[in-house]
Amino acid sequence: MTTTDHRIPKHNNAAAKRSPKSGAAVLSDTELQLKNLNKSYGGSQVVYDVSLDVASNELITLLGPSGSGKTTTMMMIAGFVTPDSGDIVMDGESITVVPPYQRNIGVVFQNYALFPHMSVSANVEFPLRQRGVSRAAARSRAEEFLELVGLAGYGSRRIPQLSGGQQQRVALARALVFDPPLLIMDEPLSALDKRLREQMQEEIKRIQQAVGVTVLCVTHDQTEAFVLSDRIAVMNEGRILQVGHPREVYERPADSFVAEFLGESNLIRGRVGPEHQGGRVFHTIYGFDLCVERDTPESATAILVRPERAELHRAGEQPEQVFAATPTIHGSILTASFVGSSMVYRVDCDGLEFTVRQPAGGSTPFTPGDAVVLGIHASACAPIQF
């Protein structure tokens, strides 16, 4: 009996969308649209009116804490959960009621979901064989993708013989081998140690750019999201709170939750005052004023300053030009912590505890009790509404 060699249609047109100079994928068109998705379980709503556009060849991350709705959103996209209302559109066509196996979406699960009784090659070949590809053609294509993920020569091994990082690569090869237009990754690196996790972050980016696939990643890890993503969609309590470039959501968060979830935050409450020296005055509740940018909205009720954006000098030693047109804040060092490449200081400023992060190895570090002057430039102040 002869098996027909059904070739997998070549979906990706990454070559046409890449810059000839850099080779990087150029984001264009829309691969995936989520339109007002809602989902409830047992009377409790877990996803509220989620809408999101994902560009072709983009790597976007749904980032949020446990219970934020990101996994349920991912499961609706994959087809394992049916939304109560809303629409999921891929490549211009609604797939909301299409069964999972007909959506042609690659999925890398958190636990990898590999078949332990099968060889590495058989695991990667599996989606091809399910689609009617001949054994010989499936084996050839599996070898190609195992080489792509750095596992050339591993085809005959069994899954239990592999390390966690190697199993993750097998799962990635299996999810990509049938050339899906969209790849979903659910907490793909959570089971790996720090060093391997950092290595795999770079590998995922390399492979995604080489294949030219659109990727939607789900994670609770902020660093992972920053490293991997073209854009980040921050979720909490079933809602998307902000979508933007990693630097944008970090430096200009939409609200206090986004600010605090994405990293160490100094949130200074107060109100916006009049224009002053090219900017505006922000009157804090702590008795001192800050200079903020002119376009700061009057509705802002707090200012965010990231610890690395503040400047710290010994009292009486700061260069005057450093704080030109910038109010200075006097304080004293509460704690000083060495954290490898940085020194982290907690500073008491008239009842406000302020965190400052400075590179280690520079000037003589401060010690608890030192009198200091804190300088905050207008460009470091991001308006926040509580």
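The values are calculated or read from the model by the stated rules, or taken from the named source; none is laboratory data. These numbers come from a predicted model, not from an experiment. All Cβ positions, glycine included, derive from the backbone under ideal geometry; neighbour counts span all protein chains shown.
Here are the numbers for this structure:
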| quantity | calculated |
| --- | --- |
| Selection from region 246-261 of residues that are of a type in the set (A, V, I, L, M), free of Cβ contacts under 8 Å to residues at least 60 places away in the same chain and surrounded by 19 or more Cβ atoms within 10 Å (Cβ to Cβ) | V249, V258 |
| Selected residue [under 24 Å from F80 (Cβ atoms), outside the structural domain of R231 (by TED's automatic domain parsing) and free of Cβ contacts under 8 Å to residues at least 40 places away in the same chain] from R174, R139, R169, R157 | R169 |
| Near pairs, Cβ below 9 angstrom, 6+ apart or cross-chain, from region 91-104 (in the same structural domain as D29 (by TED's automatic domain parsing)) to any residue that is surrounded by fewer than 15 Cβ atoms within 10 Å (Cβ to Cβ) and at pLDDT 95 or above | T96/T82; V97/T82; P100/F80 |
| Selection count, region 113-132, where residues are touching a strand residue (DSSP E or B) at 6+ places or on another chain (Cβ under 9 Å), among the hydrophobic types (A, V, I, L, M, F, W, C) and assigned to a loop (DSSP other than H, G, I, E, B) | 2 |
| Only one of A113, A152 that is surrounded by fewer than 21 Cβ atoms within 10 Å (Cβ to Cβ), without any contact (Cβ under 8 Å) to a residue 60 or more places away in the chain, under 23 Å from V215 (Cα atoms) and aliphatic (A, V, I, L, M) | A113 |
| Unique residue being within 23 Å of T71 (Cβ to Cβ), charged (D, E, K, R) and more than 8 Å from the chain's Cα centre (by Cα) when the list is R239, R247 | R239 |
| Residue check, E224 modelled with pLDDT of 85 or more and buried (at least 21 other Cβ atoms within 10 Å of the Cβ) | yes |
| Any hit, region 84-101, residues being assigned to a loop (DSSP other than H, G, I, E, B), out of contact with any helix residue (DSSP H, G or I) (no Cβ under 9 Å at 6 or more places or on another chain) and among the aliphatic types (A, V, I, L, M) | yes |
| When residues of region 180-212 are limited to those that are over 17 Å from V149 (Cα atoms) and without any contact (Cβ under 8 Å) to a residue 40 or more places away in the chain, the one nearest to the chain's Cα centre (by Cα) | K194 |
